[in-house]
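Colleague: Structure in structure tokens, see below.
Derivation of every value follows stated rules applied to the coordinates shown; laboratory data play no part. Predicted model, so just to flag it, every value in this text is computed and none were measured. Reconstructed Cβ throughout: ideal geometry from the backbone, glycine too, with neighbour counts over all protein chains shown.
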Amino acid sequence: MQSRGQSPGRGQQVRVHGAQHVPAGGTGQRTPGSPARTADRRDQPSPRFSGNDHLPNTFARIKVVGVGGAGGNAINRMVRAGVEGIEFVGVNTDAQALMTSEASIAIRIGDKLTKGLGAGGRPEIGERAAEESADSLAEVMRDCDMIFITAGMGGGTGTGASPTIARLARQAGALTVAVVTKPFDFEGGRRRRSAEEGIAALRETVDALITIPNERLLHMVDPKTTVTEAFQIADDVLRQGIAGISGLIIKPGVINLDFADVKTIMQDAGSALMAIGYGEGTDRCVNAAREAIESPLLEMNIQGAKGVLYNITGASNLTLYETSEAAEVIRAAADDDAEIIYGTSIDEAMGDAVMITLIATGFDEIGALDVYSMRSFGREREPERESRFERTAARPSGAPPSGQGGQTGQGGRPSAGGPPVYPDDDWESESSIIRFLRER
């Protein structure tokens, strides 16, 4: 049993299987014990503040919880990329998948229900597994300032367990942000419907929800991209989304952004978007700003956003005039009364290029452009606690979800008849976003 404030040793991992732990790379033999207390980064001395024990306590404590297969893959990529200042937690019903997790803490949920064999693609099993292991999950959520939840929607564990994990995170007082993907079209209608249900349930339990449609990635990569590579790119987009937001908090800047700034924009925000834009040469800051707000990965338009936070990163040759030009582009796209918070960071490695990381929120109040109108999925509460996913599974495959009696037109609004009509995608504006996706 680890004592509070004691981190796993280098190359070690705390595994929580109900009430069992095993270090990664060990013999596989499990010694009994109680659920692990997570490593407390603020309790550890910092080289920068040796002799000032109170100073490390001012740092925001951030955890990333990867749920299911896609969430676990995203965490592995973050660990390999050397993302610092974050503690990683892997959550799965599949014991075999957890054995490959590089997270410092791995939690196998629903042992009694699944026997460590996974959720079988059934979100209701994932939800029940999370409820079964709620105590172990709640212990991990304690004493955190911010918790990211990342998962691929449409499967069993990620779709079903993520809303429960988000609820526990918010109950623990953490700013809770979910970054999730929607399935590719080739994965089938059933998986897409499960994803819709899971996203709607997740939206009700997080502070801010960022969704990334995998299908749009197909229009942004080489046609010869293999299926394996497509899923790897999707997993890496999850990594870049979380790393982009957490980097605003962790990395100091000339005009510094901190946890309080992120919290101001993202707390109780509902739907959100996060984008990264790059620019080089003449008008580099303007081009980076435009690329960020016009990213083809975004399902919502920044226009009308009530809250915007952005950071400009460049070398020491970054000028005040350039940053002002970028600010004008972003300010013109947002709502006139939007709260805009900005920062500037110097990184000589950028050379002649600049990067703009942007977060925008406040869409739910004005009717966000979401290609699926999902707010009503899973919102009904019945006297007896029945899984929202079990209610969905009980419907005939062609029946509309509860509260979705009509077909939807553009922007999720009812149409007079005929098949659903969704907004056309404009792939002309993708510019160098492809390079961003391939950087890993």
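Colleague: Please work out, to two decimal places, the log10 of the ratio I(q)/I(0) at q = 0.18, 0.22, 0.25 Å⁻¹ from a Debye calculation in which every Cα of the range 53-138 carries one identical scatterer.
Modeller: Log10 I(q)/I(0), no solvent term: -0.75, -0.99, -1.17.
Colleague: Can I ask one more? Count the net charge of all other residues whose Cβ sits under 10 Å from the Cβ of ASP352, scoring Lys and Arg as +1 and Asp and Glu as -1. Don't skip to the end; give the middle numbers.
Modeller: Working: positive: ARG284; negative: GLU280.
Result for the neighbourhood of ASP352: 0.
Colleague: Report the full-extension gain for the segment ASN301 to THR282: residue separation times 0.36 nm, less the Cα-Cα distance, to one decimal in nm.
Modeller: The span from ASN301 to THR282 would gain 4.3 nm if fully extended.
Colleague: Quote the FRET efficiency, to the nearest 0.05, computed for SER316 versus ALA230 with a Förster distance R0 of 41 Å and r equal to the Cβ-Cβ distance.
Modeller: Between SER316 and ALA230 the formula returns 0.60.
Colleague: So, one more: For a test of the definition: using alpha carbon positions, the gyration tensor, and the 1.5 limit on a/c, classify the range 114-267 as rounded, prolate or oblate.
Modeller: In terms of gyration-tensor shape, oblate.
Colleague: Report the extension gain between ASP268 and SER324 in nm, rounded to one decimal, defined as 0.36 nm multiplied by the number of residues separating them, less their alpha carbon distance.
Modeller: 17.2 nm
Colleague: Please tell me which of these pairs span more than 26 angstrom C-alpha to C-alpha: LYS182/LYS224; LYS224/LYS251; LYS115/LYS182; LYS263/LYS306; LYS182/LYS251?
Modeller: LYS224/LYS251; LYS115/LYS182; LYS182/LYS251
Colleague: Take the Cα atoms of the range 279-358, build their convex hull, and give its volume per residue in Å³.
Modeller: Expressed per residue, the convex hull around the Cα atoms of the range 279-358 is 80 Å³.
Colleague: Another one. Taking the Cα centre as origin and putting +1 on Lys and Arg beta-carbons and -1 on Asp and Glu beta-carbons, what dipole magnitude results for the range 121-276, to the nearest 20 debye?
Modeller: I would put it at about 300 debye.
Colleague: A follow-up question, please. Please name whichever of THR319, VAL308, GLY281 sits farthest to the positive end of the charge dipole of the range 239-326, dipole taken about the Cα centre and charges placed at Cβ: Lys and Arg +1, Asp and Glu -1.
Modeller: So the residue furthest toward the plus end is VAL308.
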